[in-house]
Amino acid sequence: MNLFRLVADLSHLASIFILLHKIQTTRSCRGISIKTQLLYVLVFVTRYLDLFTGDFVSIYNSVMKLFFIGSSCYIIYLMRIKYKPTNDPSIDTFRLEYILGPTAVLALIFNYKFTFLEVLWAFSIYLEAVAILPQLFMLQRTGEAETITTHYLAALGIYRGLYIPNWIYRYFTEGGAIDPIAVVAGIVQTALYVDFFYVYFTKVLQGQKFELPA
Amino acid sequence: LVSGKPKDEL
């Protein structure tokens, strides 16, 4: 574990708490894409199957995995059941098959081993890279976002961004260790946040509302 | 170069 990854994981954790806080305090999931949230459930469930295969890493690792699975399911419960009336499917229109199809094909071709668990692991990495697209698409459509929602996205973006220095650090400290699947997907994932961060830094952090130019 | 999956990453 290095500092980049620790802060990244804590930022990931923070993003989930920010999202929960947003939903609970406003009693609304307005502005949140349930499609993106559903994709995260799929990401965590397919990636963390190793919880059940006896490949124990650490208490930290297992607790985080369980938390990510549990909290993502809880968010779906909040959006689909508890605050269902505040969920507007008419603006959450990104087609999931555009994401699920290509990522499934990629996982079948590019994986470390053609086994059930390894293909699912690769799938979860590719899926995570693009899971934010329905959310960003929704933001683009509505052209604005609540400030708290932008903090959620910023924390997620920071989490992904920090994994890159983590890999560089690991490359130099662990004898050239590199995970090409995670690195390529991670760079793509981070790149998706560039536009968002531009508006976040120039507007939200200056105290203005998040609004996209018309 | 050691290419592979680091099993400890989330």
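Every number in this text was worked out from the coordinates using simple rules, so none of it is lab data. Just so it is clear, the structure is predicted and the values come from calculations on it, not from any experiment. Here Cβ is always computed from backbone atoms with ideal geometry, including for glycine, and neighbour counts include all displayed protein chains.
Once the range A:1-33 is narrowed to residues that are more than 16 Å from A:Tyr152 (Cβ to Cβ) and more than 12 Å from chain B (Cβ to nearest Cβ), the residue that is farthest from the chain's Cα centre (by Cα) is A:Arg27.
Quick one: A:Gln135 ticks every box in (1) surrounded by 21 or more Cβ atoms within 10 Å (Cβ to Cβ); (2) closer than 18 Å to A:Leu13 by Cβ except a single one, so which number is it? Answer for A:Gln135: the failing condition is (2). The set of residues from the range A:184-196 being surrounded by fewer than 16 Cβ atoms within 10 Å (Cβ to Cβ) and touching a helix residue (DSSP H, G or I) at 6+ places or on another chain (Cβ under 6 Å) comprises just one member, A:Val188.
If you go through the range A:58-95 and keep only what is of a type in the set (Val, Ile, Thr) and not in a loop (DSSP other than H, G, I, E, B), you end up with A:Ile59, A:Val63, A:Ile69, A:Ile75, A:Ile76, A:Ile81, A:Thr86, A:Ile91. Annotation note: Cβ proximity below 9 Å between a residue of the range A:109-122 that is more than 9 Å from chain B (Cβ to nearest Cβ) and surrounded by 12 or more Cβ atoms within 10 Å (Cβ to Cβ) and a residue that is among the charged types (D, E, K, R) and not in a loop (DSSP other than H, G, I, E, B) (sequence gap 6+ or interchain) occurs for A:Asn111/A:Glu118; A:Leu117/A:Asp50; A:Leu120/A:Arg47. State whether the residues of the range A:148-159 include one that is among the aromatic types (Phe, Trp, Tyr), within 12 Å of another protein chain (Cβ to nearest Cβ) and assigned to a helix (DSSP H, G or I). Yes, there is a match, as at least one residue in the range A:148-159 is among the aromatic types (Phe, Trp, Tyr), within 12 Å of another protein chain (Cβ to nearest Cβ) and assigned to a helix (DSSP H, G or I).
Residue-by-condition table, conditions (1) assigned to a helix (DSSP H, G or I); (2) within 13 Å of chain B (Cβ to nearest Cβ); (3) crowded, with 17+ Cβ neighbours inside 10 Å:
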position	(1), (2), (3)
A:Lys35	yes, no, yes
A:Leu39	yes, no, yes
A:Asp50	yes, yes, yes
A:Phe56	no, yes, no
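Just to be sure I understand the filter: pairs with C-beta atoms under 8 Å, separated by 6 or more residues or on different chains, first member in the range A:178-204 and free of Cβ contacts under 8 Å to residues at least 40 places away in the same chain, second member among the polar types (S, T, N, Q). Which pairs pass? Correct list of pairs: A:Ile178/B:Ser3; A:Asp179/B:Ser3; A:Pro180/B:Ser3. Within the range A:163-177, can one find any residue that is away from chain B (no Cβ under 11 Å), within 19 Å of the chain's Cα centre (by Cα), outside any helix (DSSP H, G or I) and touching a residue at least 12 places away in the same chain (Cβ under 8 Å)? The answer is no; no qualifying residue exists.
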